[in-house]
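Written out below as structure tokens is the structure these notes cover.
Derivation of every value follows stated rules applied to the coordinates shown; laboratory data play no part. Quick caveat, the model's predicted, so the values are computed rather than measured. Quick reminder, even Gly has a Cβ in these numbers, built from the backbone with ideal geometry, and neighbours come from all protein chains shown.
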């Protein structure tokens, strides 16, 4: 799972935190991007110290290096908390991530299904706040197009997975954007079709970096 440097992967864009109450139990989910197991364990240590009086501090983390995955139910019934939190990130193929969900018990039992839903929701909401970055090799492109084609080209860029970094509304519309490496030829074919050969993306260079992706609507 380590892979070569130019292999892309998804990771949290930043720290994210979310809180909600379910049947008087307070759930606080936190997500961090991490680069090592030591870093993940340090976040867990800090949460245990900060919330020493909590009923549970459930955690899960996934590291790209070595394909490491760890989780703990921290006293909750087996399979109701740590694994559901882990599965939120596995399901979206997100790595280099650490999540701790703190629970203050409110006196009402949630049942097995209720616990799974609550812990999954905590992880999802915290990840929403953190956002997701795609780390990988990107082509930096420059496109100039007439205003009459701007909306159609924007839709095409969205479908291609491009991230627009700068837009200049001058005589024409100039777009500077990042596109996952290897997609420029296919994009240019579509641009040429749309514009009758008048619009073409120029490749300015390549970068290996993390780029925040647009938020996706929650299906829950």
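Give the calculated FRET efficiency between residue 104 and residue 150 to the nearest 0.05, with a Förster radius of 41 Å applied to their Cβ-Cβ distance. Intermediate results must be reported in sequence, preceding the final value.
Working: r = 51 Å, r/R0 = 1.24.
Once the sixth-power term is evaluated, E becomes 0.20.
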*May I ask for the angle, rounded to the nearest 10°, between helix 184-195 and the longest principal axis of the chain, with both axes built from Cα atoms and the value confined to 0 to 90°?*
60
*Evaluate the distance, in nm, between pseudo-label points positioned 7 Å from the Cα of residue 8 and of residue 55 along their respective Cα→Cβ axes.*
4.2
*With a/c under 1.5 counting as rounded, go ahead and sort region 9-130 into rounded, prolate or oblate using the C-alpha gyration tensor (a ≥ b ≥ c being the square roots of the eigenvalues; past the cut-off, prolate if a/b is larger than b/c, else oblate).*
prolate
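When a/c reaches 1.5 or more, the comparison of a/b and b/c decides; with that in mind, is region 135-212 rounded, prolate or oblate per its Cα gyration tensor? Before the final figure, lay out the partial values.
Numbers: a/c = 1.94, a/b = 1.50, b/c = 1.29.
It is prolate, given that a/c is not under 1.5 and a/b is the larger ratio.
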*asked:* What FRET efficiency comes out for residue 117 versus residue 15 if R0 is 22 angstrom and r is the Cβ-Cβ distance? Round to the nearest 0.05.
replied: 0.40
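Set the Förster distance to 41 Å, then compute FRET efficiency between residue 140 and residue 45 from the Cβ-Cβ distance, nearest 0.05. Spell out each step's value before the answer.
Details: r = 40 Å, r/R0 = 0.97.
Calculated value: 0.55.
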*For the chain, what is the calculated [θ] at 222 nm in deg cm²/dmol (nearest 500), taking -39500 (n - 2.57) for each run of four or more DSSP H residues and dividing by its residue count?*
-9500 deg cm²/dmol
*Looking at (1) 17.7; (2) 19.4; (3) 18.9, which value of Kirkwood radius over Cα pairs in Å comes from a calculation on the structure shown?*
(2)
*In degrees, nearest ten, helix 82-91 long axis to first principal axis of the chain (Cα)*: 10
*To the nearest 10 degrees, how steeply does helix 150-160 sit against the main Cα axis of the chain, on a 0 to 90 scale?*
50
_Once you place label points 7 Å from the Cα toward the Cβ at residue 37 and residue 208, how far apart are they in nm?_
2.4
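Determine the relative contact order of the chain: mean sequence separation of Cα pairs under 8 Å and six or more apart, normalised by residue count, in whole percent. Mind showing how you got there, number by number?
Numbers: 450 pairs, mean separation 52.9, N = 220.
With pairs under 8 Å counted, the relative contact order is 24 percent.
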*Just grab the label-to-label distance for residue 87 and residue 174, each label 7 Å out from Cα along the Cβ direction, in nm (one decimal).*
5.1
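Relative contact order for region 73-177 using alpha-carbon pairs under 8 Å, separation at least 6, rounded to a whole percent? Don't skip to the answer; put the middle values down first.
Values: 77 pairs, mean separation 24.0, N = 105.
Relative contact order, region 73-177: 23 percent.
Using a 10 Å cut-off on Cβ atoms, rank the peptides 155-161, 60-66 from the highest mean neighbour count down.
On the way: 155-161: 14.9, 60-66: 19.9.
Going by the mean number of other Cβ atoms within 10 Å, highest first, we get 60-66, 155-161.
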*Using only the Cα atoms, work out Rg/Rh for region 77-162, with Rh taken as the Kirkwood radius, to two decimals.*
1.22
_Relative contact order (percent, whole number), region 135-212, Cα cutoff 8 Å, 6+ residue spacing_ = 48
